[in-house]
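J.: Sending over a structure as structure tokens; questions will come in a sec.
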Amino acid sequence: MVVETRGVTRILQEAVPVTLVRDIDLSVRKGEFVSITGPSGSGKSSLLYLLGLLDVPTEGEVMIDGQPTNGLDANALAAIRLRKIGFVFQFHFLLPEFDVLQNIMLPMRRLGTLSESEMRERGMTLLAGLEMADQTTKRPDQLSGGQRQRVAIARALANDPLILLADEPTGNLDSKNSKIVRDIFARLVSEQGRTVIAVTHETDFAAATQRNVHLVDGRIVKDERRS
Amino acid sequence: MFWRVALSIAIAQLANRQRQTLVSVLGVALGVGFFIATSSIMSGSEKDFTQRLVNNAPHITIKDEFRNPTTQPVFLAYPKGAISLVRTKPREYLRGIKNYGAKVEELSQRSGVIAEAALTGQIIVRYANKDVSASVAGIDPAKEKFLTQVESDMREGSLDRLKTTADGIVIGSGMSQKLGLRMDDLATVIAPSGLVKRMKVVGIFHVGNLLLDEGQVYVLLKNAQVLLDKAFIANQIRIKIPNPDDAETFAAGLEARWGYRAESWQEVNRDILGLFVIRNAITYSIVSAIMVVAAFGIFNIISTVVMEKRRDIAIMMSMGFHAFDIQLIFLIQGVLVGILGMLLGWGIGRGLLEAVSTLKFTVPGMSERQGFVLDWSFRPYAIGGLFALAAAVVAAWYPAHKASEVRPVDIIRGAA
Ligand SMILES: Nc1ncnc2c1ncn2[C@@H]1O[C@H](COP(=O)(O)OP(=O)(O)O)[C@@H](O)[C@H]1O
Ligand SMILES: [Mg+2]
């Protein structure tokens, strides 16, 4: 299992405690394309943050690539994120001071395993795969929304992660760009065998995935595979 | 290395806020510049002044007196006796340093030490019906040369001519002017004993100090002994040692050994040297105050950047950046502002010093117009630079730490 949770519950200790998700048991195999759906406020984002080790459960356990993560400190969690997890959010979150290529190279620089020219080459390849090869020297604010989201996907893929986590990646795009992004995810799964877990409220998107997990009030109420 | 990534992010973020960066850099630069200027003036004048103190007078003067009045014999015999003697007078002793010749001889044996027996007293110099009272020093010209600046400050004649002229006298420029007394003129010298002697001017010095230039004269030791009616007596041994900084311990050693009061130049000028300490404290307080203001400038810009870059911080953390990486980015920004401020401050400081070095002004007690004596060494630059960098790190620390405490989930959830 690439991602596995056992009885994961996340409760915010506020004046009135807020339960974000409860008793989540979820196993995702390598190469699966999973959509997470549910009404607004049902805990989809919260679950994704837990799967991506951005947040830690109050109860239960998250395992990444078979490795338990309970009790790891912030730096150890960051190290796993750096190597094994790529995030795409509704907003692109590109660094405005850097051009497209530099943005994509940032996670590679932090990892520090490639030489400067290797990083450059890998960045170019990733961009070319998303039909963005001619945009490498542009700044984020010179790009359209769809282009920015593609750069964000390329950045998420920078360190060749095991898992790609996306939180409403098309939520901010028009239908044409939504389709482009959706197709990119589908291709990443079918052609490269990547594991993609995407939160979405679009039925088109959910229909394109092989498995749908439906949340209501922080619980999984439906988990169905399609062939 | 990761710090290069942090550096490039730091530079890019600062470059995006050029005006605010410039203002905080200027704040640091002014602090550093003023520090360099004041510190160079202060330490320059301190060095110059100490130099003069050291050069114009012997490093150590042994005098024919004792630091404490001699103890009454009865107290020596009964140290714990319940006796009190009132209105006793210390035993009179013949003024002068006993065996001064042997002492001078012994001191001169030590390497680098120059010792000279001298007799000082008060006289009146009369010429053309005008009187000027003066301190006379009976000296040895061959040694006096090394003990004070007089020989190098001679306008006419020399100390050496005291030896070749019978009854020669060396006077200062001020006295020469007051009395109209010139080289080779015969002055009348009147001693307290009533003795009157005609002496020939064989040298005129000008040390730039009114007190000395008007009121100090030099004669041979033996002439002074005759004038002051103190045959075979010297009341001072004047000493120069290789390292002036050792004068205090050297003097203490001599005093412990011979009993006579031995004054080091530090002891004589204790009040002035104390003033320097206070002066330095004031300089450093003012500069620290400027630096605190500059530090607030740095704190301000780093805090603003951190506030504005919360999204970028969050996304970098979600990518897998460590909290410390984030802290490093903002610390580097602080240090960059510090370094830029330091470099610009060096320029400002140098410019201020160039400007100050052209100033001239009149100082009471000095006959010539004076300029600042400046310390041109690298020291003020180094200290000012250290101040700036320290202020930068301290100021950037808190906002940088705040940045590292950002929880990405809070930001990303809020943005979504
Ligand atoms: N910091 C917070 N304080 C209080 N409630 C929160 C906080 N974060 C999330 N919630 C609540 O938790 C629930 C789950 O949120 P979220 O995971 O963002 O849902 P979804 O992504 O499915 O819309 C929502 O009802 C939301 O209002
Ligand atoms: Mg959400």
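J.: Go through (1) more than 14 Å from chain B (Cβ to nearest Cβ); (2) away from ligand 1 (no atom under 14 Å from the Cβ) one by one and return the number of the condition A:Arg219 breaks.
T.: Status for A:Arg219: all satisfied but (2).
J.: Would you mention how many residues in the range B:122-153 are open to solvent by 20 Å² or more (accessible area, probe 1.4 Å), within 27 Å of B:Phe66 (Cα to Cα) and not in a helix (DSSP H, G or I)?
T.: Counting residues in the range B:122-153 that are open to solvent by 20 Å² or more (accessible area, probe 1.4 Å), within 27 Å of B:Phe66 (Cα to Cα) and not in a helix (DSSP H, G or I) gives 3.
J.: Which of the residues that make up the range A:23-41 are part of a loop (DSSP other than H, G, I, E, B), within 15 Å of ligand 1 (Cβ to nearest atom) and either free of Cβ contacts under 8 Å to residues at least 40 places away in the same chain or touching a strand residue (DSSP E or B) at 6+ places or on another chain (Cβ under 8 Å) (or both)?
T.: Hits for the range A:23-41 are A:Gly38, A:Pro39, A:Gly41.
J.: Would you mention how many residues in the range B:10-36 are of a type outside the set (S, T, N, Q) and within 14 Å of chain A (Cβ to nearest Cβ)? Outline the logic, then answer.
T.: Here is the first cut: in the range B:10-36, the residues of a type outside the set (S, T, N, Q) are B:10-12, B:14-15, B:17, B:19, B:22-23, B:25-36.
Among the residues that remain, those that are also within 14 Å of chain A (Cβ to nearest Cβ) are: B:10-12, B:14-15, B:17.
Result for the range B:10-36: 6.
J.: How many of the residues making up the range A:6-15 are within 15 Å of ligand 1 (Cβ to nearest atom) and at pLDDT 95 or above?
T.: Residues that pass the stated criteria total 4.
J.: A follow-up question, please. Applying the selection to the range A:190-205, what residues are crowded, with 20+ Cβ neighbours inside 10 Å, more than 13 Å from ligand 1 (Cβ to nearest atom) and not in a loop (DSSP other than H, G, I, E, B)? First the steps, then the outcome.
T.: So in the range A:190-205, the residues crowded, with 20+ Cβ neighbours inside 10 Å come out as A:194-200, A:205.
Subsequent filtering for residues that are more than 13 Å from ligand 1 (Cβ to nearest atom) retains A:194-197, A:205.
Scanning the range A:190-205 gives A:Thr195, A:Val196, A:Ile197, A:Phe205.
J.: Answer yes or no as to whether A:Ile180 is open to solvent by less than 30 Å² (accessible area, probe 1.4 Å) and at negative phi.
T.: Values: open to solvent by less than 30 Å² (accessible area, probe 1.4 Å): no; at negative phi: yes.
Answer is no for this residue.
J.: Please go through the range B:289-312 and pick out each residue that is open to solvent by less than 10 Å² (accessible area, probe 1.4 Å) and among the small types (Gly, Ala, Ser).
T.: Once the filter is applied, which keeps residues that are open to solvent by less than 10 Å² (accessible area, probe 1.4 Å) and among the small types (Gly, Ala, Ser), the range B:289-312 yields only B:Ala294.
J.: In the range B:397-416, how many residues are within 11 Å of ligand 1 (Cβ to nearest atom) and either part of a helix (DSSP H, G or I) or buried (at least 19 other Cβ atoms within 10 Å of the Cβ) (or both)?
T.: 5
J.: Ok, one more. State all residues of the range A:34-69 that are among the β-branched types (Val, Ile, Thr), open to solvent by 20 Å² or more (accessible area, probe 1.4 Å) and touching a Lys or Arg at 6+ places or on another chain (Cβ under 7 Å); if no residue qualifies, say none.
T.: Answer for the range A:34-69, where residues must be among the β-branched types (Val, Ile, Thr), open to solvent by 20 Å² or more (accessible area, probe 1.4 Å) and touching a Lys or Arg at 6+ places or on another chain (Cβ under 7 Å): just A:Thr58.
Per-residue answers, yes or no, for (1) farther than 18 Å from B:Asp410 by Cα; (2) more than 13 Å from ligand 2 (Cβ to nearest atom):
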residue: A:Met1; (1), (2): yes, yes
residue: A:Gln13; (1), (2): no, yes
residue: A:Leu26; (1), (2): yes, yes
residue: A:Ile36; (1), (2): yes, no
residue: A:Ser42; (1), (2): no, no
residue: A:Pro57; (1), (2): no, yes
residue: A:Val62; (1), (2): yes, yes
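J.: Among the residues that make up the range A:93-101, is at least one of them within 16 Å of ligand 2 (Cβ to nearest atom) and under 30 Å from A:Leu143 (Cβ atoms)?
T.: Within the range A:93-101 (the criterion being within 16 Å of ligand 2 (Cβ to nearest atom) and under 30 Å from A:Leu143 (Cβ atoms)), the answer is yes, since at least one residue qualifies.
J.: A follow-up question, please. Can you find, within the range B:313-338, the residue that is farthest from the other protein chains (Cβ to nearest Cβ) among those that are open to solvent by less than 10 Å² (accessible area, probe 1.4 Å) and outside any helix (DSSP H, G or I)?
T.: B:Phe321
J.: Which residue pairs have Cβ atoms under 6 Å apart, sit 6 or more places apart or on different chains, and have a first residue in the range A:192-214 that is more than 14 Å from chain B (Cβ to nearest Cβ) and within 15 Å of ligand 2 (Cβ to nearest atom) and a second that is open to solvent by 10 Å² or more (accessible area, probe 1.4 Å) and not in a strand (DSSP E or B)?
T.: As it stands, the answer is A:Phe205/A:Arg182; A:His214/A:Gly38, since those pairs meet every condition given.
J.: Right, here's the next one. Among A:Leu82, A:Leu72, which is the only one that is away from ligand 2 (no atom under 16 Å from the Cβ), free of Cβ contacts under 8 Å to residues at least 40 places away in the same chain and either open to solvent by 50 Å² or more (accessible area, probe 1.4 Å) or among the aliphatic types (A, V, I, L, M) (or both)? Before you say what the answer is, go through the steps one by one.
T.: Values: A:Leu82 fails: free of Cβ contacts under 8 Å to residues at least 40 places away in the same chain.
Step by step, each of A:Leu82, A:Leu72 is checked, and only A:Leu72 is away from ligand 2 (no atom under 16 Å from the Cβ), free of Cβ contacts under 8 Å to residues at least 40 places away in the same chain and either open to solvent by 50 Å² or more (accessible area, probe 1.4 Å) or among the aliphatic types (A, V, I, L, M) (or both).
J.: Between a residue in the range A:95-107 that is at positive phi and any residue that is among the hydrophobic types (A, V, I, L, M, F, W, C) and open to solvent by less than 10 Å² (accessible area, probe 1.4 Å), which pairs come within a Cβ distance under 7 Å, given they are 6 or more apart or on different chains?
T.: Hits for this filter: zero, empty list.
J.: Within the range B:234-242, is even one residue more than 30 Å from the chain's Cα centre (by Cα), assigned by TED's automatic domain parsing to the domain that holds B:Ala118 and part of a helix (DSSP H, G or I)?
T.: Scanning the range B:234-242 turns up no residue that is more than 30 Å from the chain's Cα centre (by Cα), assigned by TED's automatic domain parsing to the domain that holds B:Ala118 and part of a helix (DSSP H, G or I).
J.: Something else now. All but one of (1) more than 14 Å from chain B (Cβ to nearest Cβ); (2) within 16 Å of ligand 1 (Cβ to nearest atom) hold for A:Lys176; state the number of the condition that does not hold.
T.: Only one criterion is unmet by A:Lys176, namely (2).
J.: Follow-up question, since we're still on this one. In the range A:101-138, what residues are surrounded by 15 or more Cβ atoms within 10 Å (Cβ to Cβ), at pLDDT below 95 and among the charged types (D, E, K, R)?
T.: Passing the criteria: A:Arg109, A:Arg110.
J.: Need the failing condition index for A:Val181 against (1) within 16 Å of ligand 1 (Cβ to nearest atom); (2) in contact with a helix residue (DSSP H, G or I) (Cβ under 7 Å, 6 or more places away or on another chain), just the number.
T.: A:Val181 satisfies all of (1) within 16 Å of ligand 1 (Cβ to nearest atom); (2) in contact with a helix residue (DSSP H, G or I) (Cβ under 7 Å, 6 or more places away or on another chain) except (1).
J.: Just to be sure, is A:Ser46 in contact (Cβ under 8 Å) with a residue 40 or more places away in the chain, under 16 Å from the mean Cα position of the chain (by Cα) and within 8 Å of ligand 1 (Cβ to nearest atom)? Even if it seems obvious, please write down each step before you answer.
T.: Working: in contact (Cβ under 8 Å) with a residue 40 or more places away in the chain: yes; under 16 Å from the mean Cα position of the chain (by Cα): yes; within 8 Å of ligand 1 (Cβ to nearest atom): yes.
Taking the combined requirement at face value, the residue satisfies it.
J.: Hey, among the residues in the range A:13-22 that are in a strand (DSSP E or B) and among the β-branched types (Val, Ile, Thr), which one's least open to solvent (accessible area, probe 1.4 Å)?
T.: A:Val21
The values are calculated or read from the model by the stated rules, or taken from the named source; none is laboratory data. None of the values given here were measured: they were computed from a predicted structure. With ideal geometry, Cβ positions are generated from the backbone for all residues, glycine too; neighbour counts draw on all protein chains shown. Only protein heavy atoms, including side chains, enter the accessible area calculation; ligands, DNA and RNA are left aside. Shrake-Rupley method; radii C 1.70, N 1.55, O 1.52, S 1.80 Å.
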